[in-house]
Amino acid sequence: MNKKHILAICGSTRAASVNLHVIKHIASLTEDELDVELYEDLVNLPQFNPDTDTTEQLPAIVAGFRNKVKQADGILICTPEYVFTLPGSLKNALEWTVSATVFSDKPTALITASGMGAKAHEALLLVMKTIQTVFTDETQLLISGAKSKISKEGMIQDPKTETNLRNLAAAFVLLVKG
Ligand SMILES: Cc1cc2nc3c(=O)[nH]c(=O)nc-3n(C[C@H](O)[C@H](O)[C@H](O)COP(=O)(O)O)c2cc1C
(Lines give C-alpha, C1' and ligand atoms only; values in the text may rest on other atoms or scores of the structure.)
Protein backbone atom coordinates (compact mmCIF):
# COMPACT_ATOMS: atom_id res chain seq x y z
CA MET A 1 0.00 0.00 0.00
CA ASN A 2 1.25 3.46 -0.89
CA LYS A 3 1.73 5.53 2.23
CA LYS A 4 0.71 9.17 2.21
CA HIS A 5 3.58 11.58 2.77
CA ILE A 6 3.29 13.99 5.70
CA LEU A 7 5.53 16.95 6.44
CA ALA A 8 5.76 17.53 10.20
CA ILE A 9 6.72 20.96 11.51
CA CYS A 10 7.73 21.34 15.14
CA GLY A 11 7.25 24.85 16.50
CA SER A 12 9.90 24.18 19.12
CA THR A 13 13.56 24.09 18.12
CA ARG A 14 14.54 22.51 21.48
CA ALA A 15 16.29 19.15 21.19
CA ALA A 16 14.24 17.69 24.08
CA SER A 17 10.97 19.22 22.87
CA VAL A 18 7.69 17.77 24.13
CA ASN A 19 6.20 18.74 20.78
CA LEU A 20 8.83 16.71 18.98
CA HIS A 21 7.82 13.73 21.15
CA VAL A 22 4.21 14.31 20.10
CA ILE A 23 5.19 14.31 16.41
CA LYS A 24 7.10 11.05 16.88
CA HIS A 25 4.13 9.53 18.70
CA ILE A 26 1.71 10.48 15.90
CA ALA A 27 4.20 9.08 13.38
CA SER A 28 4.30 5.80 15.27
CA LEU A 29 0.50 5.61 15.64
CA THR A 30 0.05 6.11 11.88
CA GLU A 31 3.11 4.25 10.58
CA ASP A 32 1.10 1.77 8.51
CA GLU A 33 -0.55 4.52 6.53
CA LEU A 34 1.56 7.66 6.76
CA ASP A 35 5.20 8.38 6.11
CA VAL A 36 6.05 11.34 8.38
CA GLU A 37 9.07 13.51 7.50
CA LEU A 38 10.22 16.06 10.08
CA TYR A 39 11.13 19.46 8.64
CA GLU A 40 14.58 20.00 10.12
CA ASP A 41 15.40 23.53 8.93
CA LEU A 42 12.92 25.74 10.77
CA VAL A 43 15.76 27.24 12.78
CA ASN A 44 17.72 28.03 9.59
CA LEU A 45 15.03 29.89 7.67
CA PRO A 46 15.86 33.60 7.26
CA GLN A 47 13.58 36.23 8.68
CA PHE A 48 10.65 36.81 6.36
CA ASN A 49 11.26 39.78 4.10
CA PRO A 50 8.67 40.77 1.48
CA ASP A 51 11.43 42.39 -0.59
CA THR A 52 13.08 39.01 -1.21
CA ASP A 53 9.79 37.17 -1.63
CA THR A 54 10.26 37.36 -5.40
CA THR A 55 11.13 34.84 -8.13
CA GLU A 56 14.59 36.39 -8.50
CA GLN A 57 15.54 36.82 -4.85
CA LEU A 58 13.80 34.06 -2.95
CA PRO A 59 16.36 32.32 -0.67
CA ALA A 60 16.95 28.72 -1.79
CA ILE A 61 16.12 27.35 1.66
CA VAL A 62 12.72 29.05 1.50
CA ALA A 63 12.07 27.63 -1.97
CA GLY A 64 12.97 24.21 -0.56
CA PHE A 65 10.57 24.62 2.36
CA ARG A 66 7.73 25.72 0.09
CA ASN A 67 8.39 22.77 -2.17
CA LYS A 68 8.24 20.31 0.73
CA VAL A 69 4.88 21.78 1.80
CA LYS A 70 3.60 21.66 -1.78
CA GLN A 71 4.66 18.03 -2.32
CA ALA A 72 3.26 16.74 0.97
CA ASP A 73 -0.11 14.96 1.11
CA GLY A 74 -0.67 16.49 4.53
CA ILE A 75 0.91 18.65 7.20
CA LEU A 76 1.29 18.01 10.94
CA ILE A 77 2.15 21.00 13.12
CA CYS A 78 2.96 20.62 16.82
CA THR A 79 3.94 23.72 18.71
CA PRO A 80 4.42 25.24 22.14
CA GLU A 81 3.09 28.65 23.17
CA TYR A 82 5.61 31.45 23.61
CA VAL A 83 4.44 34.65 25.34
CA PHE A 84 0.81 33.79 24.63
CA THR A 85 1.18 33.23 20.90
CA LEU A 86 3.02 31.13 18.29
CA PRO A 87 6.83 30.86 18.53
CA GLY A 88 8.44 33.37 16.15
CA SER A 89 10.26 30.64 14.22
CA LEU A 90 7.00 28.90 13.29
CA LYS A 91 5.19 32.14 12.46
CA ASN A 92 8.17 33.15 10.33
CA ALA A 93 8.02 29.90 8.35
CA LEU A 94 4.29 30.32 7.79
CA GLU A 95 4.77 33.94 6.64
CA TRP A 96 7.14 32.70 3.90
CA THR A 97 4.35 30.51 2.48
CA VAL A 98 1.58 33.10 2.21
CA SER A 99 2.32 34.48 -1.28
CA ALA A 100 2.97 31.00 -2.69
CA THR A 101 -0.36 29.63 -1.38
CA VAL A 102 1.26 26.21 -0.89
CA PHE A 103 -0.94 25.42 2.12
CA SER A 104 -4.21 25.89 0.21
CA ASP A 105 -6.45 22.80 0.51
CA LYS A 106 -3.73 20.90 2.40
CA PRO A 107 -5.07 18.40 4.95
CA THR A 108 -3.61 19.41 8.27
CA ALA A 109 -3.37 18.28 11.89
CA LEU A 110 -2.71 21.02 14.44
CA ILE A 111 -1.50 20.38 17.98
CA THR A 112 -0.43 22.86 20.63
CA ALA A 113 1.38 21.20 23.56
CA SER A 114 2.41 23.72 26.19
CA GLY A 115 2.07 24.82 29.80
CA MET A 116 -1.11 26.69 28.96
CA GLY A 117 -1.28 27.04 25.18
CA ALA A 118 -4.85 28.27 24.58
CA LYS A 119 -3.80 31.58 23.00
CA ALA A 120 -1.22 29.97 20.72
CA HIS A 121 -3.69 27.30 19.68
CA GLU A 122 -6.29 29.92 18.85
CA ALA A 123 -3.68 31.81 16.80
CA LEU A 124 -2.58 28.60 15.05
CA LEU A 125 -6.14 27.76 14.01
CA LEU A 126 -6.71 31.32 12.77
CA VAL A 127 -3.46 31.41 10.76
CA MET A 128 -4.03 27.98 9.22
CA LYS A 129 -7.64 28.85 8.37
CA THR A 130 -6.43 32.09 6.78
CA ILE A 131 -3.92 30.28 4.57
CA GLN A 132 -6.72 27.88 3.63
CA THR A 133 -5.52 24.59 5.04
CA VAL A 134 -8.15 21.93 5.64
CA PHE A 135 -8.61 20.75 9.21
CA THR A 136 -11.52 19.61 11.36
CA ASP A 137 -12.34 19.65 15.07
CA GLU A 138 -11.01 16.09 15.16
CA THR A 139 -7.61 17.03 13.66
CA GLN A 140 -6.81 19.79 16.14
CA LEU A 141 -5.87 19.38 19.79
CA LEU A 142 -4.70 21.55 22.66
CA ILE A 143 -2.58 19.75 25.28
CA SER A 144 -2.25 22.05 28.29
CA GLY A 145 0.06 21.04 31.13
CA ALA A 146 2.04 19.13 28.52
CA LYS A 147 5.12 18.45 30.63
CA SER A 148 3.06 16.70 33.30
CA LYS A 149 1.33 14.54 30.67
CA ILE A 150 4.35 13.63 28.54
CA SER A 151 7.60 12.44 30.10
CA LYS A 152 11.06 13.70 29.16
CA GLU A 153 11.53 10.41 27.32
CA GLY A 154 8.34 10.97 25.32
CA MET A 155 6.02 8.57 27.14
CA ILE A 156 2.40 9.75 27.14
CA GLN A 157 1.63 9.42 30.85
CA ASP A 158 -1.92 10.75 30.79
CA PRO A 159 -4.54 8.25 29.48
CA LYS A 160 -6.91 10.99 28.28
CA THR A 161 -4.10 12.60 26.26
CA GLU A 162 -3.21 9.20 24.77
CA THR A 163 -6.85 8.69 23.75
CA ASN A 164 -7.03 12.19 22.29
CA LEU A 165 -3.84 11.63 20.28
CA ARG A 166 -5.10 8.26 18.98
CA ASN A 167 -8.40 9.84 17.93
CA LEU A 168 -6.59 12.72 16.22
CA ALA A 169 -4.23 10.32 14.43
CA ALA A 170 -7.17 8.27 13.10
CA ALA A 171 -9.04 11.41 11.98
CA PHE A 172 -5.91 12.78 10.29
CA VAL A 173 -5.39 9.55 8.32
CA LEU A 174 -8.99 9.77 7.09
CA LEU A 175 -8.61 13.45 6.18
CA VAL A 176 -5.38 12.85 4.28
CA LYS A 177 -6.81 9.88 2.40
CA GLY A 178 -9.77 12.06 1.38
C1 LIG B 1 10.30 32.43 25.75
C2 LIG B 1 9.29 31.49 26.31
C3 LIG B 1 8.00 31.92 26.51
C4 LIG B 1 7.02 31.04 26.98
N5 LIG B 1 5.74 31.46 27.09
C6 LIG B 1 4.76 30.57 27.38
C7 LIG B 1 3.38 30.94 27.35
O8 LIG B 1 3.01 32.06 27.08
N9 LIG B 1 2.47 29.97 27.58
C10 LIG B 1 2.81 28.68 27.87
O11 LIG B 1 1.96 27.82 28.00
N12 LIG B 1 4.12 28.31 27.94
C13 LIG B 1 5.09 29.22 27.70
N14 LIG B 1 6.41 28.84 27.71
C15 LIG B 1 6.73 27.49 28.11
C16 LIG B 1 6.81 26.53 26.94
O17 LIG B 1 5.88 26.79 25.95
C18 LIG B 1 6.60 25.10 27.43
O19 LIG B 1 7.66 24.80 28.30
C20 LIG B 1 6.52 24.10 26.32
O21 LIG B 1 6.20 22.84 26.86
C22 LIG B 1 7.81 23.98 25.54
O23 LIG B 1 7.57 23.15 24.44
P24 LIG B 1 8.70 22.18 23.93
O25 LIG B 1 8.95 21.20 25.07
O26 LIG B 1 8.10 21.51 22.74
O27 LIG B 1 9.90 23.01 23.64
C28 LIG B 1 7.38 29.71 27.30
C29 LIG B 1 8.70 29.30 27.11
C30 LIG B 1 9.64 30.16 26.62
C31 LIG B 1 11.05 29.67 26.39
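The values are calculated or read from the model by the stated rules, or taken from the named source; none is laboratory data. No experiment lies behind these values; they were computed from the predicted model shown. Virtual Cβ from ideal backbone geometry, glycine too; neighbours counted across all protein chains shown.
Here are the numbers for the structure shown:
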| item | result |
| --- | --- |
| Residue ID - nearest to Ala72 (Cα to Cα), chosen from residues in segment 123-150 that are in contact with a His (Cβ under 8 Å, 6 or more places away or on another chain) and within 16 Å of the ligand (Cβ to nearest atom) | Leu142 |
| Test result for Ala93, out of contact with any strand residue (DSSP E or B) (no Cβ under 9 Å at 6 or more places or on another chain) and of a type in the set (Gly, Ala, Ser) | no |
| Unique match (being within 16 Å of the ligand (Cβ to nearest atom) and acidic (Asp, Glu)) among Glu153, Glu162 | Glu153 |
| When residues of segment 9-28 are limited to those that are in a helix (DSSP H, G or I), more than 9 Å from the ligand (Cβ to nearest atom) and surrounded by 20 or more Cβ atoms within 10 Å (Cβ to Cβ), the one farthest from the chain's Cα centre (by Cα) | His25 |
| Criterion: at pLDDT below 95 and either in contact with a Leu (Cβ under 6 Å, 6 or more places away or on another chain) or not acidic (Asp, Glu) (or both) - qualifying residue of Gly154, Gly178, Gly115 | Gly178 |
| Glu31 among the charged types (D, E, K, R), closer than 25 Å to Phe172 by Cβ and either modelled with pLDDT of 95 or more or within 15 Å of the ligand (Cβ to nearest atom) (or both) | yes |
| Residues of segment 55-104 satisfying the condition of being of a type in the set (Ser, Thr, Tyr) and either under 17 Å from Ile23 (Cα atoms) or within 14 Å of the ligand (Cβ to nearest atom) (or both) | Thr79, Tyr82, Thr85, Ser89 |
